[in-house]
1. Please list, by residue number, every one of the chymotrypsin sites (Phe, Trp or Tyr not before Pro) in the range 106-140 that is coil in DSSP and has at most 14 other beta-carbon atoms within 10 Å.
2. How large is Rg over Rh for the range 35-88, taking Rg from the Cα atoms and Rh as the Kirkwood inverse mean of 1/r across Cα pairs?
3. In the range 180-217, whose amide N lies under 15 Å from the spot 7 Å out along Cα-to-Cβ of N246? List them in ranges.
4. Taking only C-alpha pairs under 8 Å that are 6+ residues apart, what is the relative contact order of the chain in percent?
5. Identify the GluC sites (Glu not before Pro) of the range 43-103 meeting these criteria: DSSP loop state and at most 10 other C-beta atoms within 10 Å of the C-beta.
6. How large is the convex hull of the C-alpha atoms of the range 6-111 per residue, in Å³?
7. Percent relative contact order of the range 114-248, based on C-alpha pairs within less than 8 angstrom and at least six residues apart?
8. From the cross-link list K196/K224; K196/K245; K121/K196; K5/K45; K79/K121, which pairs have alpha carbons spaced over 23 Å apart?
Amino acid sequence: MGTDKMIQLIITRQKDDQSAPYTEEFLVPYRPNMNIISALMEIQKNPVNAKGEKTTPVIWESVCLEEVCGACSMVINGKPRQACSSLIDQFDQPIRIAPLATFPVMRDLMIDRSWMFNALKRVKAWIPIDGTHDLGPGPRMPEKTRQWAYELSKCMTCGCCLEACPNVNEKSGFIGPAPLSQVRLFNAHPTGAMHKEERLLAIMGEGGLTSCGNSQNCVEVCPKGIPLTTSIADLNRQTTMQSLKNFFG
Ligand code: SF4
């Protein structure tokens, strides 16, 4: 049921990947239990700004709408988060929405996260298998390991931890907390461990583990509550062991 209450949104927009950003204000009719995506959908239905001028619909990316795909990451009132799980009632108004600054903007709130996916390729964040035929049951993992590994597997490559990390920028080349945590996950898997050394060597190079400044912002913003700093501490141990192994041949 509608009311006369309006939601005030100030959105950072950009026409394309080459254009300069600008802000545009919108007033959207309030309904109980709205999230940021439903407010953006109202603008899409009626693209008129707060001055009453006809404008272009705001562009954003979203898929699952249940905090699983990681596509709708945005900076909302200064904090990187998922637009689907961000309820309007949680925020002071005006609600300021901007694209993540760590990734190239394609248009408005839509960003290109390829950089993070390339980092996952660099660290071989997968379990290699021989073909797609049925290989039968794999080796079992100890229950204790399975429990923490499951927590790490919840990463949805949303990029919020990279956005919050002061060391992820073009100059440092730091791959960021999420790809590092995936190294810990895949190294713990009985089959994935076959490529443990390759993964560790990949993060011992430039832009790897030593680029972490231990600001601990990543754990604060991760929507999945992934223990990123625990992963980084564990990888410090693993890379130290690998260095000794390299040294002694
Ligand atoms: Fe997003 Fe958390 Fe994965 Fe970082 S670790 S990409 S914040 S889900």
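1. On the way: sites: W115, F117, W126; in loops: W126.
In loop regions of the range 106-140 (DSSP not H, G, I, E or B), the sparsely surrounded chymotrypsin sites (Phe, Trp or Tyr not before Pro) are W126.
2. Working: Rg = 11.9 Å, Rh = 11.9 Å.
Rg/Rh: 1.01.
3. 196-211
4. Details: 410 pairs, mean separation 41.0, N = 249.
For the chain, the relative contact order is 16 percent.
5. On the way: sites: E53, E61, E66, E67; in loops: E53, E61, E66, E67.
Passing sites in the range 43-103 are E53, E66.
6. Numbers: hull volume 10.0 nm³, N = 106.
Taking only Cα atoms, the range 6-111 has a hull volume of 95 Å³ per residue.
7. Numbers: 152 pairs, mean separation 41.2, N = 135.
About 31 percent, as a whole number.
8. Numbers: K196/K224 25 Å; K196/K245 13 Å; K121/K196 14 Å; K5/K45 18 Å; K79/K121 27 Å.
Check vs 23 Å cut-off fails for K196/K224; K79/K121.
Throughout, read-outs are computed from the coordinates displayed, never taken from laboratory work. Because the structure is a prediction, the values reported are computed rather than measured. For neighbour counting, all protein chains shown are included, and Cβ atoms are generated from backbone atoms with ideal geometry for every residue, glycine included.
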